[in-house]
Amino acid sequence: AQRVTQPEKLLSVFKGAPVELKCNYSYSGSPELFWYVQYSRQRLQLLLRHISRESIKGFTADLNKGETSFHLKKPFAQEEDSAMYYCALRNQAGTALIFGKGTTLSVSS
Amino acid sequence: GAVVSQHPSWVICKSGTSVKIECRSLDFQATTMFWYRQFPKQSLMLMATSNEGSKATYEQGVEKDKFLINHASLTLSTLTVTSAHPEDSSFYICSARKTGTTSFSYEQYFGPGTRLTVT
């Protein structure tokens, strides 16, 4: 079965502190992993996908197949990073995204 | 580009009635659209996948006869909640895949959601 686990419901950090949002997945094949972000009162939007190997808004995520993880990291958090972050998986058949439960990131000054 | 709209943004209906939610891709064609349901402070649960011109594929545990999905054109999919009950109250979100995207790393574009309250 495909599953995405985000163990933290809430992560609170101070501005300038490093951030790591954890994501683990369960899938027997080679999945495609994504991070989506939802700012207050806005729709879900793509933050990054593992295949692109990009850094978006200072965030990066590396797929670790051995640990089946896709943690989201940022070295210095900003207040505008406060949002709900969802890790998502798509299987090799290319079907719909399966989401984790999400982690609320709160960055305060 | 790649904007998805939903209508209405919120709706209140009485128990036993039906309500239709529209999902439109405004500036692109979407062969495939997805419907999700989100409970307060919880994740998005996939309900069904709809392909233009064919029957929707429902996830396990989702009642086909209760949640009717019609994907009649490349820019419109509708979700009709039939004989609604208070437990159907939720946030319904649609998502669309651009026609022609072949890689499985394609992006899903999300609508703003529709809040349904059944009294």
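Descriptive notes on the structure:
- Matching entry among B:Ser25, B:Ser95 (being among the hydroxyl-bearing types (Ser, Thr, Tyr), crowded, with 20+ Cβ neighbours inside 10 Å, away from chain A (no Cβ under 13 Å) and closer than 23 Å to A:Ser52 by Cβ): B:Ser25
- Only one entry in B:Leu79, B:Leu74 is among the aliphatic types (A, V, I, L, M), in contact with a Lys or Arg (Cβ under 9 Å, 6 or more places away or on another chain) and more than 14 Å from every other protein chain (Cβ to nearest Cβ), namely B:Leu79.
- Residue within segment A:87-96 that is without any contact (Cβ under 8 Å) to a residue 60 or more places away in the chain, more than 9 Å from every other protein chain (Cβ to nearest Cβ) and over 17 Å from B:Lys41 (Cα atoms) present: no
- Test for A:Val37: is it open to solvent by less than 30 Å² (accessible area, probe 1.4 Å), more than 8 Å from chain B (Cβ to nearest Cβ), within 9 Å of the chain's Cα centre (by Cα) and closer than 15 Å to A:Leu11 by Cα: yes
- The number of residues in segment B:63-73 that are surrounded by fewer than 18 Cβ atoms within 10 Å (Cβ to Cβ) and either at pLDDT 90 or above or part of a loop (DSSP other than H, G, I, E, B) (or both) comes to 7.
- When segment A:97-109 is limited to residues that are facing chain B (nearest Cβ under 9 Å) and open to solvent by less than 60 Å² (accessible area, probe 1.4 Å), the one that is nearest to B:Tyr109 (Cα to Cα) turns out to be A:Leu97.
One line per residue, one yes/no per condition, for (1) within 13 Å of chain B (Cβ to nearest Cβ); (2) of a type in the set (Gly, Ala, Ser); (3) under 26 Å from B:Pro112 (Cβ atoms); (4) surrounded by 16 or more Cβ atoms within 10 Å (Cβ to Cβ):
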site	(1), (2), (3), (4)
A:Ala1	yes, yes, no, no
A:Gln6	yes, no, yes, yes
A:Lys15	no, no, no, no
A:Glu20	no, no, no, no
A:Glu54	yes, no, yes, no
A:Gly66	no, yes, no, no
A:Glu80	no, no, yes, no
A:Tyr85	yes, no, yes, yes
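- Within segment B:60-99, the residues that satisfy the criterion of being within 11 Å of B:Glu22 (Cα to Cα) and of a type in the set (S, T, N, Q) are B:Asn70, B:Thr75, B:Ser77, B:Thr78, B:Thr80.
Yes or no, residue by residue, for (1) without any contact (Cβ under 8 Å) to a residue 12 or more places away in the chain; (2) open to solvent by less than 40 Å² (accessible area, probe 1.4 Å):
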{"site": "B:Gly61", "(1), (2)": "yes, no"}
{"site": "B:Ser77", "(1), (2)": "no, yes"}
{"site": "B:Val81", "(1), (2)": "no, yes"}
{"site": "B:Tyr106", "(1), (2)": "yes, yes"}
{"site": "B:Phe110", "(1), (2)": "no, yes"}
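- Any chance B:Ile12 is β-branched (Val, Ile, Thr), at negative phi, open to solvent by 20 Å² or more (accessible area, probe 1.4 Å) and at pLDDT 90 or above: yes
- Yes/no for A:Leu10 being within 11 Å of chain B (Cβ to nearest Cβ), in contact (Cβ under 8 Å) with a residue 24 or more places away in the chain, open to solvent by 80 Å² or more (accessible area, probe 1.4 Å) and hydrophobic (A, V, I, L, M, F, W, C): yes
- Residue in segment B:28-45 that is least open to solvent (accessible area, probe 1.4 Å), counting only those that are part of a strand (DSSP E or B) and of a type in the set (Ser, Thr, Tyr): B:Tyr36
The values are calculated or read from the model by the stated rules, or taken from the named source; none is laboratory data. In this text the structure is predicted, and so the values were computed from the model without any measurement. Here the Cβ is made from the backbone with ideal geometry for all residues, glycine too, and neighbour counts use every protein chain on show. The protein model used for the area step is the full one, side chains on, heavy atoms only, and it has no ligands, DNA or RNA in it. Shrake-Rupley method; radii C 1.70, N 1.55, O 1.52, S 1.80 Å.
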